[in-house]
Amino acid sequence: MKRRDFVCTGILGAPALAIRTARAAAAVPPPSFLFVIADQLSMDAVTAHGNRFVRTPNLDRLARAGVSFRDSYTTYPLCSPARSSMFTGRMPSETGVISNGLPIRAGIPNLGQWLGARGYETVYAGKWHVPNSYTGDIPGFSVLPGGFTGQGHMGDAAVSRACQAWLHNRSSQSPFLLVASLLQPHDICAWVSSHTREAPWERMAEIPAPLPPIPANFEYDQTEPRAMRSERRPKWSEKQWRYYLWSYYRHVEMVDAEIGRLLDALEDTGRANNTVVIMTSDHGEGSGHHQMVLKNYLYDEAAKVPLLVSWPGRTPAGKQDTAHLVSGIDIAPTICDYAGVAAPPEVTGRSLRPLVEGRNVQWREMVASEVARGGRMVRTSECKYIVYPNDPVEQLFDWKTDSGETRNLASDSRHALALEAHRRLLKDWEGRLKLAPNAAKGRVRG
Amino acid sequence: MQTKTERRDKTYGTLEAFPEFIEQFTPPAADFDPRGAWKQTYAVRLFAEDSGTLGFLEIERRPAADGAALTVATRLAHVNGIQEQNAKLQCAADALGSLRSIQLESVSSGLDGRPVAAAKLAIGGQVRGGSIEWTRAGGKRSAPAPPPLVANWALFDAVQRLTPDPNKSFEFTLLDDGDLIKPAQRLVYVGQTTVQAAGGASLSLHCWEQTGYGVLPTHYWVDGKGRLLFAIAGQKAFLYDPEARNNARGRGRGAGRKKA
């Protein structure tokens, strides 16, 4: 194990000033955090979200005990960029992590550095990927060993085991941030790459239950931007598509089981009542919607991710929030809020705590996501807008009638006002970003 | 010889994903009694990667009047450390060797080989009816475990003792990796195949297939003597290799070539 030393000044700010006086006055000990990250877990691949073809008893445990944000979007449906946002509260075009394998740019603290400088023990297990997938050296964190790059099947078991052991062995009463970053169901990538051609597959497993059906929005907008077509590679039969879905759900169940090990350990060590559990994924999986697989595009199957916040006895049980548009940039400020410390400067995300607690707050009217090739997405309560630079095709979907994103209304004059409004929202939003040098050329408009 | 891409395209979760290994594989010649005492070692590999062997799994069986005792040792070299697990299982005298009790120790080490104290854990489990009572570092928990509860390592034993019968299936709850309970599992016999092993020798293999919650279809390949030679699930493969434990000593790093 190696812990990087750092000085509590400069980018880390002045801890004494950052701690809220309210917490000291109330003498309430700050909670600990278990932050669980899955990789490639779609919003709808969870039983608690209505999927009858997958069993996720442990994700359901979290959903039953807390709040599930159903309009939760990744900042960028790709591993490294999304993770950079989770740990900094800023968009990938600000962190500089605009593709896989890039580091968070200097001067932006990650959550481990920030909370570590404020009295938290900060521990990381599993996939990091900004820049290295697995490493023993993550700034601001002690690192527990375990994990294989690109292979979650065996690595996740070691990651959850290390976290389980750490929780059982820990004697300190100081608050902690434990990150359990699991890789499944990401192994579906290898599965897909093994089944891409039309050539006969290896025999399908003998499955007694019916295969999942293909999704209702299997057909897609034929006029979509060229860049949206990158993951529409397979030419499978209906049965093959359904078998792919069946296989994906088994990958999902694998990560669910590992999450169960973590939740059991929290309960068995008596820490559950003082630990906020936050669970999310870096991006989703195509799952046959729009005949897509994998990620790195802006349809909801890739861009929408589970986001669960649970603190037994403190969070409303079993609440599904469908009223607020939330984002991966909100995770870091949420953790800081519960910890009673100010969020790092220039964080653009917002704490979800008021929403979790059901407080009446003014919330954002839009959420944005970025993607490769400079693609941008704006979601409002009314519409979803997608655009790529150097591509004349824009997409506008009416969210009230077409949340499956199948009828592009961008060229329909009856929706010209909505189109213009979403263009303007995007332009204003981009104008507020403090772009990393390597991201400046990826801007769409303005 | 297939290219790596061609191999990926057709062979996920199959024996053909490891052609070099199979082509050089010398089937064990000694007689084998799956119901007796034995010790078998497997190299652990990942699908279609050039990472070679990542570690080993060794299972030793000792028959007892009321079933069998299994001693399990495994060591895997991860990218940023090493994980070792040792377990002792008491299994019942039924078809799948359902679990009666388990004791497991897990320890992780950094790349320097030094154990990480915070990542060391001992687990005990005792099956009682439809549940298992866990003891972990002094903490206790009882969890539902619909019978029969069968450990993943015990399946390596069970498939060696089962008679191939395509009309029979076994339903069970899986105890995966020592303490993960995965219900609704099914094991069926799916047929026989022949592969070309070292020197072009034909090797006839029976295949059993496991499916269920939280597992990818797992294929167990058993030779004519009843010896389990290969077990493959998704990206993960256990390949019979008596030298795997010796070869694993000193390895410090696992697979790390893909960028995901």
Once you order the gyration tensor axes a ≥ b ≥ c over the Cα atoms, which shape class does chain A get: rounded for a/c under 1.5, otherwise prolate or oblate by comparing a/b with b/c? oblate
Over 31 Å between Cα atoms: which of B:Lys88/B:Lys236; A:Lys235/B:Lys168; A:Lys239/A:Lys304; A:Lys127/A:Lys304; B:Lys88/B:Lys225 fall into that group? A:Lys235/B:Lys168
Cα centroid distance between the range A:133-209 and the range B:166-220, in Å? 23 Å
Sequence-separation-based contact order of chain A, relative, with Cα cut under 8 Å and 6+ spacing, percent: 25 percent
Cβ density ranking, 10 Å radius, fewest first, applied to A:Thr47, B:Thr194 yields B:Thr194, A:Thr47
Point-charge dipole on Cβ atoms (K/R +1, D/E -1) for the range A:29-357, about Cα centre, debye to 20: 100 debye
Cα shape, the range B:4-248, gyration tensor, a/c 1.5 rule: oblate
Charges only on Cβ, +1 for Lys and Arg, -1 for Asp and Glu: so what's the dipole of the protein assembly as shown about the Cα centre, in debye to the nearest 20? 1400 debye
Among A:Pro77, A:Ala416, A:Gly136 - extreme Cα towards positive end, dipole of chain A, charges at beta-carbon: A:Gly136
Which of A:Val159, A:Val361, B:Val127 comes first, and how do the rest follow, when ranked by fewest Cβ neighbours within 10 Å? A:Val361, B:Val127, A:Val159
Quick check on the range A:123-198: take the gyration tensor over C-alpha atoms, sort the square-rooted eigenvalues as a ≥ b ≥ c, and tell me if it's rounded (a/c under 1.5), prolate or oblate. prolate
Rank B:Gly125, B:Gly81, B:Gly138 by mean-square fluctuation in a GNM of chain B with C-alpha springs under 10 angstrom and give only the top-ranked residue. B:Gly138
Residue among B:Ser131, A:Thr122, A:Asn217 farthest towards the positive dipole end of the protein assembly as shown, charges placed on Cβ: A:Thr122
Among all helices in chain A defined by DSSP H, which have a length of 15 Å or more along the axis from Cα atoms plus a Kyte-Doolittle mean of at least -0.5? A:152-169
Towards the positive end of the charge dipole of chain B, with charges on Cβ (+1 Lys, Arg; -1 Asp, Glu), say which of B:Val72, B:His206, B:Pro19 has the farthest Cα. B:Val72
Rank these for me by crowding, A:His415, A:His153, going from fewest to most other beta carbons within 10 Å. A:His415, A:His153
With charges set only on the Cβ (+1 for Lys and Arg, -1 for Asp and Glu), what does the dipole of the range B:8-144 come to about its Cα centre, in debye to the nearest 20? 760 debye
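Values in this text are rule-based calculations from the coordinates and carry no lab data. In this text the structure is predicted, and so the values were computed from the model without any measurement. Note: ideal-geometry Cβ built from the backbone for every residue, glycine included; neighbour counts use all protein chains shown.
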